[in-house]
Each structure stands twice: as C-alpha cells, then as structure tokens.
1. Taking only pairs six or more apart or across chains, which ones have beta-carbon atoms under 6 Å, a first residue in region 565-589 that is assigned by TED's automatic domain parsing to the domain that holds ASP600, and a second residue that is part of a helix (DSSP H, G or I)?
2. For the subset of region 621-680 comprising residues that are part of a helix (DSSP H, G or I) and crowded, with 17+ Cβ neighbours inside 10 Å, which member is farthest from the chain's Cα centre (by Cα)?
3. Tally up the residues in region 1-24 that are surrounded by 11 or more Cβ atoms within 10 Å (Cβ to Cβ) and either at pLDDT 85 or above or of a type in the set (Lys, Arg) (or both), please.
4. Looking at PHE640, PHE657, can you tell me which residue is touching a helix residue (DSSP H, G or I) at 6+ places or on another chain (Cβ under 8 Å), under 30 Å from THR691 (Cβ atoms) and outside the structural domain of ALA529 (by TED's automatic domain parsing)?
5. Filter region 449-482 for residues that are outside any loop (DSSP other than H, G, I, E, B) and acidic (Asp, Glu); which is surrounded by the most Cβ atoms within 10 Å (Cβ to Cβ)?
6. In the set ALA91, ALA118, which member is in a helix (DSSP H, G or I), touching a residue at least 40 places away in the same chain (Cβ under 8 Å) and of a type in the set (Gly, Ala, Ser)?
7. Report yes if GLY27 is surrounded by 16 or more Cβ atoms within 10 Å (Cβ to Cβ), more than 20 Å from the chain's Cα centre (by Cα) and under 27 Å from HIS133 (Cα atoms), otherwise no.
8. Looking only at strands (runs of 3 or more DSSP E) that lie completely in region 5-74, which have at least 2 residues being in contact with a helix residue (DSSP H, G or I) (Cβ under 9 Å, 6 or more places away or on another chain)?
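The values are calculated or read from the model by the stated rules, or taken from the named source; none is laboratory data. Quantities reported herein were computed from a predicted structural model and do not represent experimental measurements. Glycine also receives a Cβ, built like all others from the backbone with ideal geometry; neighbour counts cover every protein chain displayed.
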Amino acid sequence: MQEPTQDHLIGTTVDGRYTVRSRLARGGMSTVYLATDQRLERDVALKVLHPHLANDPIFLERLSREAKAAASLSHPHIVGVLDQGEDGHIAYLVMEYVKGHTLRDTLNEQGALPPRLALALIDPVIEGLAAAHRSGLIHRDVKPENVLIAEDGRIKVGDFGLARAISANTSTGALIGTVAYLAPELVLGQPADARSDIYSAGIMLYEMLTGKQPYAGDSPIQVAYQHVNAVVGRPSEAAPGLAGDLDELVQWCTAVDAENRPVDGAALLTELRHIRTTLTDEELDRKQASSRLPDSPAPTAAATALGGSGVRGVSGENPTEAIASTASPTEMITHQSNPTTIMAAGVPVRPQAAAVGPGNDLDVRQPGKRVLKRLERQESKDRARAAATPSRPLREGNPRRRGIIWTIVIVILATLAASAGWFFGMGPGSPGTVPDVKNKTVAEAQQLLRTAGFQSEPKDVFDDDILAGLAVGTEPESGTEVRKFQSITLFVSKGAQLFALPGLTGGTLEEAKIALNSAEMALGNVTHAFDEKVPAGVVISQDPAKGTEVRHGTPVSLVVSKGPQPIPVPDVRGLTQDAAVKAIQDAGLKAVIAPETVNDKTVPNGAVVSQTPANGTLVRGEAVTLTVSKGPKLVKVPSFIGKQADEAEKELKRLGFKVEVNKILGGFFGTVRDQNPVNAEIPEDSVVTLTVV
C-alpha cells in the first residue's frame, strides 16, 4: 500500500510549542518527526504515538512514568528524553534530535563489519546500557534500529522507556517487532532485567560480525522458539576466520540461561574492552566474507524442526515489525568430512537425493557429481602409485646392519621421548596456572609470575579502578592453565584516563548540557541563584571548574542564574524629603527628586506628595522618582465689607476658602460689617469669618 505523500501534522504546532517540519520515520507504535522547539529554538525529534495507544489513559500514565525515568538519564551515549505530553488526541515524546543514520543503515550498506569496526561501534552502546543499568533502567528493545550514529561520529542508544510501556500495555503480539533480538526469558513471559539487554546486544554483535541474524523463520513464533530452544552458533561458523575470543564473547552474551550471561552492561563492557586490547591487528582488521549464500542465515536445529530453514528477516521503514521468508526455503550449506554427503537444510543426504528449493537456481546434485569425479581420478592415481611401488625390496640387505640401525633409531626415539617428557612434564613446556596479580606492584606481580615459571612483559593500560603503578591483570587471565614457555602479558595501570572539563559559565543551561554531552561528561546537580549581573538562565559557576582533569562520565554541578533579586518598592509618601530618600536607598534602590514641586493642601511643605513607581518590585539600583510638596497654595482674601453676606460667602468658597458667618441681631440687613482676615494671602481651604448685621 502506497503511503500518502502529505502528512496532516507537517506544518502544524503540537502543544503550542513544537512545530512539525518533516517526517523522519514511521513504525508500528509511533511516527517520528523532525520538529522545532519554538521556546528554546532548537531541533528535536518528536515521537507521536499511534491513536490506539494515545487513547488509552492507563498506557499514557505508564508512559509518563517511563519517560520521567528515562529523562533522568544524562549520558553521552543515550538519546535524551526532553519532554512528554498530550495535545488533544495526540500523545507525544520529545527527544534529542541526532542527525545522522542508524546502525541498521550501516549494516544494510556494508554487511559484515571488520571486528575492529564492530567492536568500536558496539562499545558506546554497551557503555550507555551500563549507565542505564546502574540507574536501575532496562532498555528491553536493543537492536540496530535503536542505535543512532550522528554525523560527527557520536553513537547513542535511543527509545529508552517506550518498550516497557508498550509491552506492559499490550499482548505478546506487540513484541513481534523485536523478535530477532528478543531474550528467551521475555519470550517465556518472565520479567526482564539487565541481562535481557545483554542478550539482545549479543545477537546484534553476531549480526555485525557475520552480516546476518542467527535465527530466522517463516513466522515470528518460529524465531521466538529458537531463542528459547536453540543455542546461538559461533560467529566464526558463518564468517570463517573470526577470532575465538569473539566467538566466546557472543556466546557468553547469548546464553539461553540468563545466569550464564554478564550480570549487566558494566561487566560486559570490561570484557569487551579487554578483548579489543588483546586481539592482533590482523584479527581486528580481517574483512569477513560469509561462507554461505548471500542473505542466507545459518540454519539451526530449531529452525529445521519448524520447517523454517533458509528464512531471513526483511527490514523496511518499519524494520521492527517485518519478518518474511525468502523464495528458497531449501539450499546447499556445506560439505561434510565425507565428500559424498551434502547438508541440505541441516539434514545429510546423498547427492542423488539432494532437494532443490523452488526458485533456487543452484542444482545441489552438480557439486556431488564433481566431487565423485574428483575422487575417481584420485583413486586411479593411488592405484597407479601402488602398482609402481614394489612389495619387496630389490635387495634384502644385511640383517645385522638392519639390527644396528634399528637399535640406533630406538635410542634416538627414546632420547627424544625422554626430552619431550622432561620438556612437557617439568621443563618450559610443562603446564602452569597463571597466578592472580591484581592490585600488586609490578615487582610483586613479576615475582609471582616467575615463581609460577612464567616470563612476563609489562604493558601500560588505563584503568578507572586500579591505582597507577599497580597490576590490572594478565593475558591469559589468572587461573588459566598454559605452558610455561608462553609469554604472559602483565597489564599495569596508568590510572584513570583524565580529560579536561570544558568551560560552561556564561552560556545557557541547554548549551552547557550540549557541551557536557560532547565531552562525554554527565550533568550533576543544577541549582538556581539570584545574581545582580548575570541574566536569568545563564550558568554562573560549575563544579569541578573549567580545565579540571576528570574521568569521562564525571558529573558536573551547575549554578544557574535566576537574574537580579526583586526588591519591593517602599511607600515613602508623606515622609519628609530626607527621610524618603534614606528609605529608598536603604532598600537598595536609587531615589530621584522630581525637579518640579507641587502644591498640596494636605501634604506639608517639604514632604513627599507622590512617587513613581508607587508599589511593586524593582531590581537593585533601579530608580524611584519622588515628587515633593510645597504646601497649600496661598490665595489673597479680598474685602467684602459693606457687601451682601450671600454674595461674599459664595465668592469666598469659589476662591477655595471655608466661610464662617457670625450674625448680629439676627443679621437682619444681611450686610457684611466685618471680616477676618481681609486683604491678606492665606492658604487655600483656610477659614474666613464674616460678621453680618
């Protein structure tokens, strides 16, 4: 079915914040978009869940818990979970956007990888899993599609948290997408732990080394059956020439019984790095070529029992959910020790009876005929050689001489046998057990090895746990029984490898996180504090300081500015000018006196009439403007003597005075006989007394 060319979400803004720009990928559970976070102005990966999940409130609650747990992880090899939420019918996760490609793309393009490249690619994956396991988190869906390789070479593990929420919310059918990498205990419905991730990583390493997955089938249940009932084969069987250490590593990780696997990512990481240091350049750089037909996974007994031989996984846009069979279920695999027997789908048959799968261009009978002809020619040569060889010597020789010769031969053989017995029994060829020299000084370690009969060569290595100058271990490792003439490599610690911390002050918190991620350091505690000079959101200080040499993964604590501390504006209205200025300055603010004074009939001369601002908050050093009163306005009182009292009272009130009238003899005539004050300037709102007759 062809996909629509236009996605209705592209160009929209989710939750008022994330503007969807383009679609990156679509899977069975979600669609991933490239979006821009408008608030922080950065690109993010927006994972929008399909409606059947987004409409389930129980699932959304569980997803929220898992997203919070995943967001607590801050590690350079784990894709960060930045946000999670709902916008109407849309449920989404916001993750760090890693521009680049996936490990699946690399495998599709290159097939089997050289061991050096395979180990280099999986090392940061295991380091990220180790960090998650230390925090009590399990991935549950480790596979090449979830390993992201950035354009600058950074490698990150994605999709932490989502697999657990999905598997807890749905039936086992939801696990079909990861069946190729599914641990046996998950197939059986048992709880997952760190060792489940280790199993998936082991399957992934097998695929990286051989170019194919170890199990395949016509249906997911056939592949799941093999995870539980079969044993993952050695990678060297599918890609001859691989080192035995790689076989042991893969089979250790993929043990059916979880008790026989590395306990967690940290345990696997230690062994992985040890193997990388011990393999030769030839073993690391060997380009593998599969001994099987292209795109044909190694058959197993379980696959054959299910009728699923010669079937492989098919990846596409939704690689976690597509498993299909090839056109040829039966194919020739290899010759056995008997050249007349061929293995077809894991079952030995004679060349004349070998089956040919439908659609297969190879006739498995033809190699059998060629082998028989070659054998016939060889037999003919052998018969001719036997006929040309006399059954009796042409000359019998001297019996006594033959006896002397045989005596000499026997003495020589006895001497050689005695020498070999001494060499392999008590001499340099005798077996010895490599002693444990961990945490010993170099002199002590070499003495222990000499006492055990071994010669050693020191080799300096970085080690996070062993002090510099002390022995880390040996190769072969302690407890191994080897011949004493073999050289023992003594690994001596140079201490932890240290790296200078970048400077993080002066940038935003998001910029600091990116810098820590690039330096492969961890984010420690983040606290916030007021600062009068540093804007809000900018990093004030870091601990440890810039340039401090620390190990990778060291947490760095940051103090982020909340900006200047707000100061409440004091109310100084009614205070004298000097008292008001002092109160403003004591609060940490600046007092500014307005150049113009104003009359105010309620505020005395020299006191503050008003202030700007009158309330609210300011930051230290900001100004408060004060307006000072020059007291009430002075108004001249005209004389109203001899005038009618009503007219005088009306005019005085208009001028802003209060009027008090004293009537003599009842004020019969209504004429002002006297007033107080008269013809003088007095403050407005003062009382003028009129005497009326």
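1. Going by the 6 Å Cβ cut-off, the qualifying pairs are PRO570/ALA583; VAL572/ALA580; VAL572/ALA583.
2. GLY667
3. Number of matching residues: 14.
4. That would be PHE640, the only listed residue that is touching a helix residue (DSSP H, G or I) at 6+ places or on another chain (Cβ under 8 Å), under 30 Å from THR691 (Cβ atoms) and outside the structural domain of ALA529 (by TED's automatic domain parsing).
5. GLU475
6. None of the others qualify; the one that does is ALA118.
7. For GLY27, the condition - surrounded by 16 or more Cβ atoms within 10 Å (Cβ to Cβ), more than 20 Å from the chain's Cα centre (by Cα) and under 27 Å from HIS133 (Cα atoms) - is met.
8. In region 5-74, 42-49 are the strands (runs of 3 or more DSSP E) which contain 2 or more residues that are in contact with a helix residue (DSSP H, G or I) (Cβ under 9 Å, 6 or more places away or on another chain).
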